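For reference, the structure discussed in these notes is given below.
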Amino acid sequence: MAHAPLRNLLYFISKRFLATSSPSEVTLSTSKKLGPHKKYPQKPESVLKFLKSYGFNDTHIARMIARQPQVLKLGVDKILKPKIEFLVENGIVGDHLPQLLSTNPRSSWILGIDLKNVMQPNIDLLTKEGVPIKFIVKLTMGQPRAVMVKVDKMMEAIETAKKLGLEPATPRFVQGKKIRAAMDFYLNTMNLKPETVISYPAFLTYGVDTRLRPR
């Protein structure tokens, strides 16, 4: 593991480089370090052009390449385009798309997996259960790994949420962070039993820091 001063130095260099370099310069510099890709010998500029066609601006592209330099080795037609189109078809459109892929640290690996076989079953399940697409998009944007779990795990999570009184058509159904915080407080701080919390699902509507801890 790198020492803190080294990590700080690398972070400073990265921030300064992103602030003073254009996406083309970042692409050229990174592609030289990565070397040629035998399977997809396309020019890095084709990746840059493709991303811009989907609304990525200079900042988005610079951040994305800095975080995921391997994206320059992905074939546009065989890999990038199908994945991007999949996300768009499932509601990740407009500003959401570049934000998801360039600024969300939890999504850095999203272009490296088979989205159709991994994500689609979970999206289909959530839709079947009545979760509105806008809430699925919110979940994907905030917790992309949540829709990458095995479908049986997703089914289990949905059933648990229902037992807690959370309706699929409401925003709280996908607000996992707030629910986890509340459950942690009740189980580990107040030492309540899980069945007690489940018996009173309204407990999960209370803010931990704003309502529970002060008392």
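The values are calculated or read from the model by the stated rules, or taken from the named source; none is laboratory data. Everything numeric here is computed off the predicted structure, so don't read it as measured data. Every residue, glycine among them, receives a Cβ derived from its backbone with ideal geometry; neighbour counts consider all protein chains shown.
Here are the numbers for this structure:
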quantity	calculated
Residues (of a type in the set (Gly, Ala, Ser) and buried (at least 19 other Cβ atoms within 10 Å of the Cβ)) located in segment 67-90	none
Helices (runs of 4 or more DSSP H) completely within segment 71-149 that count 3 or more residues being closer than 19 Å to Ser53 by Cβ and not acidic (Asp, Glu)	81-89, 96-102
Residue in segment 141-155 that is nearest to Pro98 (Cα to Cα), counting only those that are hydrophobic (A, V, I, L, M, F, W, C) and modelled with pLDDT of 80 or more	Met141
So Lys15, is it surrounded by 11 or more Cβ atoms within 10 Å (Cβ to Cβ), at pLDDT 50 or above, of a type outside the set (A, V, I, L, M, F, W, C) and assigned to a helix (DSSP H, G or I)	no
Number of the exception - Ile79 against (1) hydrophobic (A, V, I, L, M, F, W, C); (2) at pLDDT below 85; (3) within 28 Å of Met154 (Cα to Cα)	(2)
Qualifying residue in segment 107-121 (condition: within 17 Å of the chain's Cα centre (by Cα), among the hydroxyl-bearing types (Ser, Thr, Tyr) and at pLDDT below 85)	yes
Pairs where the first residue, in segment 127-148, is more than 16 Å from Val93 (Cβ to Cβ) and the second is surrounded by fewer than 17 Cβ atoms within 10 Å (Cβ to Cβ) and of a type in the set (Lys, Arg), C-beta under 7 Å, 6+ apart	Gln143/Arg106; Arg145/Arg106
Residue in segment 50-64 that is at pLDDT below 90, outside any helix (DSSP H, G or I) and under 24 Å from Ile136 (Cβ atoms) present	no
